[in-house]
Ligand code: WTA
């Protein structure tokens, strides 16, 4: 920190306006890099494990990482980047991604990482919303046995992104790549052209923006959640240290993608702020086989392993023989994030991976919270399967009833809110503060509303039940039902659609689409395929509906509102109690929908 703060906190949840550590001057990368270069230059900062088992892993020391970040920062400067610019990063899980993120922070540019599974169309929305001027990408992406041409997606997007003037391209797959002269540059050439291996860190105010990360809500297009420099830094460093108990010679592995908040906070910033060794894995859990995670844990002697319930459930389904060849004895703490972990998966994880000796940290948090909010601390708090547990010290969660009253005591269930700010609470949604107020601070006056429902058990442990809004959590990825509907309505066959989530054995929730079609006589399989492909094309593969039911009408009230409650029941396969359907315009449509359920 270059200057200490004048005031720790000022806040109100009405506007909302939250400021932490006002008056402080800092650059987060000095705490991630320079500080450790002084005390432990040769410690490994990043272990990179390739998608391909035959490619050697990379070990990058703090000193090397510092130098690579400075060079990358100088590349960005060479291309005109400056403090306050928005830079879009669309990359696979290669070291250049972490380096690009840190290089932006180094020069005070605001990074907006977009998960590289999103479509060109989704990329356009995000680049346009933030008016990014530079895109950092790669020729392709190695994913299991496939290579995905990332630069092609960027090229397609940039036809509709006039704000972008420069594209920096990492060579990841040796793909033949179209380069537009004057706009596109190979990163390795640019790096080679830099002679200055130092780049002084830009001094930032505590509340200057550090990054934007887009996330889905119940309405409209994804919104850019904004995090600022000091508060985010402090909270992520604090939670990383206390939740994972990562010792000085430990190896920490979070399997998320840096395209999601989990990767931002617990692959990049948290571990590096604490001078830890963070493992970055390029591949997927099932390549070359379903033992890959366990092989990587043994290979690099991973001590803390942090993954998602969907991965646990899918590996569990492959059978225990994939674990047998590995001893996993290095593990000390194992974690879960992104969606509720069901008891069966929790028990399997505890027994087979944690060998009944590793505490499980089931961490509840959100893109908007920046860091972990609720989890039982290992060795301190009691554990209970499928329960995230206690709030992190300093966090004040509450459960509200439908009338907005706080539920007191234990053994209660309600809407999960937080009543006091923490350092890494979102500050705004980029370019639209009113939307931030509406979404998070207007449902319940003077509370931050999470969008989740939760239960506090008889001992005070929290169990997250799931979203109470129109957001589906598919394999730990948030997606708004409205977003999927808008996308599939683009299919040439679809007149109207309604999308809901349903319980899915592996993904947690699957996407169930009810569609009214124009040409009902067409081959239904063909229509279904087209609907799926349209969703993939417009949003990305993660938005592809798992089930599609062709219907002649949707259950609408007289005012034209779709009664999603009914559709959810049908999708769940539980039509015993559909509740009051008398307000429907045409109740007979419900019968048809029940009969045709897929
Ligand atoms: C859900 C991911 C149950 C929740 C860090 C939340 C969870 C949304 C858990 C945020 C958990 C996350 N148990 N549910 N341990 N962790 N969720 O923004 O519904 O991608 O609102 O952040 O995931 O997803 P996001």
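Before moving on, here are some points about what is shown:
- Qualifying residue in region 360-375 (condition: more than 14 Å from the ligand (Cβ to nearest atom) and touching a residue at least 12 places away in the same chain (Cβ under 8 Å)): no
- Screening residue 23 with (1) closer than 22 Å to residue 111 by Cα; (2) surrounded by fewer than 22 Cβ atoms within 10 Å (Cβ to Cβ) gives one miss only, at (1).
- Scanning region 343-359 for residues that are within 14 Å of the ligand (Cβ to nearest atom) and closer than 27 Å to residue 259 by Cα yields 345, 346, 349.
- Looking at region 78-160, the strands (runs of 3 or more DSSP E) lying wholly inside it that each contain 2 or more residues that are surrounded by fewer than 19 Cβ atoms within 10 Å (Cβ to Cβ) sit at 146-148.
- Among the residues of region 229-273, those that are closer than 23 Å to residue 292 by Cα, within 12 Å of the ligand (Cβ to nearest atom) and touching a helix residue (DSSP H, G or I) at 6+ places or on another chain (Cβ under 7 Å) comprise 254, 256, 257, 266.
- Qualifying residue in region 395-418 (condition: surrounded by fewer than 20 Cβ atoms within 10 Å (Cβ to Cβ), assigned to a loop (DSSP other than H, G, I, E, B) and in contact (Cβ under 8 Å) with a residue 60 or more places away in the chain): no
- Unique match (being touching a strand residue (DSSP E or B) at 6+ places or on another chain (Cβ under 9 Å), at pLDDT below 95 and surrounded by fewer than 22 Cβ atoms within 10 Å (Cβ to Cβ)) among 221, 245: 221
- Flag if residue 224 is touching a helix residue (DSSP H, G or I) at 6+ places or on another chain (Cβ under 8 Å), closer than 26 Å to residue 306 by Cβ and not in a helix (DSSP H, G or I): yes
- Some residue of region 512-535 being touching a residue at least 12 places away in the same chain (Cβ under 8 Å), closer than 22 Å to residue 308 by Cβ and surrounded by fewer than 24 Cβ atoms within 10 Å (Cβ to Cβ): no
- Members of region 184-216 found to be buried (at least 22 other Cβ atoms within 10 Å of the Cβ) and within 16 Å of the chain's Cα centre (by Cα), listed by number: 211, 212, 213, 214, 216
- Residue match in region 424-431 (condition: without any contact (Cβ under 8 Å) to a residue 40 or more places away in the chain and either part of a loop (DSSP other than H, G, I, E, B) or more than 16 Å from the ligand (Cβ to nearest atom) (or both)): no
- Of all residues in region 349-359, those that are surrounded by 17 or more Cβ atoms within 10 Å (Cβ to Cβ) and assigned to a helix (DSSP H, G or I) total 4.
- For region 543-566, a tally of residues being modelled with pLDDT under 95 and in a helix (DSSP H, G or I) returns 3.
The values are calculated or read from the model by the stated rules, or taken from the named source; none is laboratory data. Predicted, not measured: the structure shown is a model, and the values here were computed from it. Reconstructed Cβ throughout: ideal geometry from the backbone, glycine too, with neighbour counts over all protein chains shown.
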